[in-house]
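Here the structure is laid out as structure tokens; the discussion comes afterwards.
The values are calculated or read from the model by the stated rules, or taken from the named source; none is laboratory data. Small disclaimer: the values here were computed from a predicted structure and weren't measured. Neighbour counts are summed over all protein chains in view; Cβ atoms, including those assigned to glycine, are modelled from backbone coordinates with ideal geometry. Side chains included, ligands, DNA and RNA excluded: accessible areas come from the protein's heavy atoms. Shrake-Rupley method; radii C 1.70, N 1.55, O 1.52, S 1.80 Å.
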Amino acid sequence: VAQAGSVTLTFRFANGTTVNRPMDILVNGMAARPGLAFPGTGAWTSWQSVTTTVNLNAGANTIRATATTANGGPNVDFLEVAG
């Protein structure tokens, strides 16, 4: 990003189960949004989006989403960074 500051992350995901599959969102190795909820979407082919706000440094940043349950996370196919 051109300048350090707050941005909105939008994750597009599918979760064909009926249970939440939360993930920890890390930015540059630091927990930025622990336990972000990814609720069931009804089918693995039904896509929804979830957003969260994080702070990024100017320049390159590393964003990692890590499942927090034994069942893993949802299917994520897109990450948008806006702001």
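For Thr52, the criteria (1) hydroxyl-bearing (Ser, Thr, Tyr); (2) surrounded by 13 or more Cβ atoms within 10 Å (Cβ to Cβ); (3) in contact (Cβ under 8 Å) with a residue 60 or more places away in the chain hold in every case but one, which is (3).
Within the stretch 20-33, work out how many residues are open to solvent by 50 Å² or more (accessible area, probe 1.4 Å) and under 10 Å from the mean Cα position of the chain (by Cα). Write out each step before concluding.
Initially, the stretch 20-33 is screened for residues open to solvent by 50 Å² or more (accessible area, probe 1.4 Å), giving 20, 24, 28-31, 33.
Pick out the ones that are also under 10 Å from the mean Cα position of the chain (by Cα) and you get 24, 33.
So the count comes out to 2.
Within the stretch 55-70, restricting attention to residues that are under 14 Å from the mean Cα position of the chain (by Cα), aliphatic (A, V, I, L, M) and within 21 Å of Ala82 (Cα to Cα), the residue that is surrounded by the most Cβ atoms within 10 Å (Cβ to Cβ) is Ala65. Look at the stretch 29-43: where a residue is of a type in the set (Phe, Trp, Tyr) and a partner is open to solvent by 60 Å² or more (accessible area, probe 1.4 Å), sitting 6+ places away or on another chain with Cβ atoms under 9 Å, you get Phe38/Asn20; Phe38/Gln48; Phe38/Val76.
Could you grab me the full set of residues in the stretch 5-19 that are open to solvent by 40 Å² or more (accessible area, probe 1.4 Å) and in contact (Cβ under 8 Å) with a residue 24 or more places away in the chain? Don't jump to the end; show me each part of the working.
Keep residues of the stretch 5-19 that are open to solvent by 40 Å² or more (accessible area, probe 1.4 Å), which gives 6, 8, 12, 18-19.
Residues satisfying the conditions are Ser6, Thr8, Arg12, Val19.
Scanning the stretch 30-48 for residues that are under 15 Å from Thr10 (Cα atoms), assigned to a loop (DSSP other than H, G, I, E, B) and of a type in the set (A, V, I, L, M, F, W, C) yields Ala37, Phe38, Trp47. Taking the conditions (1) surrounded by fewer than 11 Cβ atoms within 10 Å (Cβ to Cβ); (2) modelled with pLDDT of 95 or more in turn, Ala2 satisfies each one other than (2).
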